[in-house]
Amino acid sequence: MDYRHQCHVGDHGDALKHPVLALLIQLLSQKHTKLNIIDTHAGTGCYDLNTAPSSHAAEFSEGVGYLWKNKDQLPASFHSFTTTLSAFNPSDELRLYPGSAAIGFQQGRSEDSFYFADIQKQEAELLQTNIEQIRSDLHIKSDLNIFTGDGLKNLVSAVSNHHDHNLIVIDPPYEKDDEYSDVIEALIAAWEHTKNVSALIWYPLYTEDKSTLILQRCSDAVNNNQLPKPIKAELRLRDAKEDDRLIGSGLLLFNPPAALKASVIEIVDYLHQNLATENEGYWQVK
């Protein structure tokens, strides 16, 4: 596997995914007395922006860097996310970036449980160190399980067998075409195990767009009553050109709280207005 979270942390994909995730956790916490939050591709959890590769600056500036710079003027739907960023960065400088696992763990309650995985041994070891540091700094007593392995193949075992509500976050590197359908297959297996599940799946939009691989499998699963119909949100920031750049991304949100959709619309509309190349790209929520 060639992908490294550190090389792309805080890009426009994160600027879509993480504000929605933070708000989703907040809304689910209001609805359920206990959550079991699962991240199948957790990476290292936290990232020191001062040690990011030199190529990272441009991606960050057109993503979360822009949001941080303008955090006092953002719509209300970004508030949960910027509050979390501020918890990790009490000064005006954004130096430490929390990934999905750290966002979930920081927002979680003592009664919640957490199950984080990464297939790369070095990443999983750093994840353990980083989350344990957050646990110590914030005095969190939540049940925490971190393991090295395939988070999709182990998803059913990660889903709670109790009456807890499960939030599943799936964001693989998508280096192979099979990964697009694999995420849906894994979620189907979890849904068969228990209906106490909400899920956020992120997928990329490249110049060579392969999103139909995940969207068609998802549509088939919905039509076969294997999964509930999700909210689909897509944000493209520029038109396709002769390169392999990430030009946008999408989210599939399964079994979300009803209040989430309006906020997702606000988030993608704002991001397109402020981050997209003029007269290029699009956004949709349906």
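Odds and ends about this structure:
- For the stretch 43-101, the extents of the C-alpha atoms along the principal axes are 31, 23, 20 Å, listed from largest to smallest.
- Counted over the stretch 156-286 with a bin width of 5 Å, the fraction of Cα pairs per bin, in whole percents, is 2, 10, 19, 20, 20, 15, 8, 4, 2, 0, 0.
- Taking all protein chains together and rolling a 1.4 Å probe, V156 ends up with roughly 60 Å² accessible.
- Solvent exposure ordering (accessible area, 1.4 Å, most first) of L271, L246: L246, L271
- Here the spin labels are modelled as points 7 Å beyond Cα on the Cα-Cβ line, and at Q122 and K153 they lie 2.2 nm apart.
- 24 Å tail of the calculated P(r), the stretch 1-147, as % of Cα pairs: 28
- Share of carbon and sulfur in the accessible area of the chain stands at 46%, probe radius 1.4 Å.
- The stretch 81-157: C-alpha gyration tensor shape, a/c 1.5 cut-off, then a/b vs b/c: prolate
- For the chain, the solvent-accessible area with a 1.4 angstrom probe is 45 square angstrom per residue.
- For the pair H139 and A262, label points projected 7 Å from Cα toward Cβ lie 3.6 nm apart.
- Estimated at the nearest 10 Å², the accessible area of F254 is 10 Å² with a 1.4 Å probe.
- When each of K121/K286; K69/K229; K34/K153 is checked by Cα-Cα distance, pairs over 29 Å: K121/K286; K69/K229
- Treating each Cα of the chain as one equal point scatterer and applying the Debye formula with no solvent, the log10 of I(q)/I(0) at q = 0.11, 0.13, 0.15 Å⁻¹ comes out as -0.58, -0.85, -1.19.
- The order of E111, E278 by accessible area, most exposed first and with a 1.4 Å probe, is E278, E111.
The values are calculated or read from the model by the stated rules, or taken from the named source; none is laboratory data. For clarity, every value in this text was computed on a predicted model and none was experimentally measured. Neighbour counts run over all protein chains shown; Cβ positions are idealised from the backbone, glycine included. The protein model used for the area step is the full one, side chains on, heavy atoms only, and it has no ligands, DNA or RNA in it. Shrake-Rupley method; radii C 1.70, N 1.55, O 1.52, S 1.80 Å.
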